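Values in this text are rule-based calculations from the coordinates and carry no lab data. Please read these numbers as outputs of a predicted model, since none were measured by experiment. So basically every Cβ, Gly included, is an ideal-geometry build from the backbone, and we count neighbours across all protein chains shown.
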Amino acid sequence: MHRSSGSENFFTEQTAVLKKRLAGAESELAKLKNESGMLSVDGARGQLQKQMDLIEQQRTTVMAQLAGSKSHADSLAKSVASIPERMTTSETTGLPNVARDAMRQQLYLQEIELKDMQSRLTESHPQVVSAKKKIEEARRILETQQDDRSQTVSNVSTTHQSLSLEAMRQEAVKSGLESQLSSLDKQRDETLARIEAMNATETRVLELERQVVLLSGTFNTYSDKLEQTRITTELENERISNVHVVQAPSISTRPASPNKPLLLTGALMLGLIGSYLIVALSELLDRRVYRPEDVEELAGIPVLATLPRVARRHASLN
């Protein structure tokens, strides 16, 4: 066993420091998640994405309904404007004109009064001149009046009334859809703001999560080392060891290598085998003819005579 002096104190101090740092990182991570309202980054992102998809789907539906409602309301407004509010239901003609008769009677009285003035006053008298003007004005008005008159009866148009009610109802529907669309726009803006806030805190959350994982692994490693150091210390104090001497060491006077007899035997064997291979290859590769029998065997005809080999030294002398 090998153990450095003071290792137990070192691991004890480092384990305490790592435990404190790990607790601080976990506390900060939990606080950040509580403030942002997320259990995990992926979970929060998925939830916000589903909420955004639902809002967009509802906005699309409401916008389509609002477009249809506006078109219907405009059509109803045009129809209401083209139909009069009241319609004539009956008309009676040939009725006496009571107003014209009353004006004729008043004109008659004015003419009598004028004659009385003319009998007493001159034609240039102001009262006579004024009375003449009034009579002339009354005659002009009387000429514009007809001897008989017609009477018409009108009622409220039911078509105009029903279209007006339908237009009012459609305006109410349009106002409701506009209010619903405004509410959805507000929800979308709030969701986008939450997504932006989550993106702002996502980096910090991921950093804290990585820090917690690293500190947790380091803390576990140091805890294991501390426990092993404590066990080793107790074993040394109790003089307990799991190491046993199987055989006592001995000193050898002969070198372990190289093995000279083995090397010589191997070299000899390799030399013999190499020599044999060289001779065999020389015989196989040599195509020259040395004996008469070889000529007869190769050519298939008898040999009549042979010439002896003459050394090159003798041939050069001759």
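Where does each of V129, V173 land when they are ranked from fewest to most other beta-carbon atoms within 10 angstrom? It would help to have the intermediate numbers written out before the result.
Values: V129 12, V173 16.
Listing V129, V173 from fewest to most nearby Cβ atoms yields V129, V173.
With the simple spin-label model, which puts each label point 7 Å out from Cα in the Cβ direction, the Y290 to A16 separation comes to 9.8 nm.
Label sites at N237 and L272, each approximated as a point 7 angstrom past Cα along Cα to Cβ, lie 7.2 nm apart.
Spacing of the modelled spin labels on D101 and S183, each 7 Å from Cα toward Cβ, amounts to 6.8 nm.
Given the Cα-Cα distance of K260 and L206 and 0.36 nm per residue of separation, how much length would full extension add, in nm?
Values: separation 54, 0.36 × 54 = 19.44 nm, distance 6.84 nm.
Here the answer is 12.6 nm.
Calculated FRET efficiency, E166 to R59, Cβ-Cβ distance, R0 = 35 Å: about 0.85 to the nearest 0.05. Here's the picture: a label point sits 7 Å out from the Cα of N220 along the beta-carbon direction, and within the stretch 7-25 the residues with their amide nitrogen under 16 Å of it are 19, 22-23.
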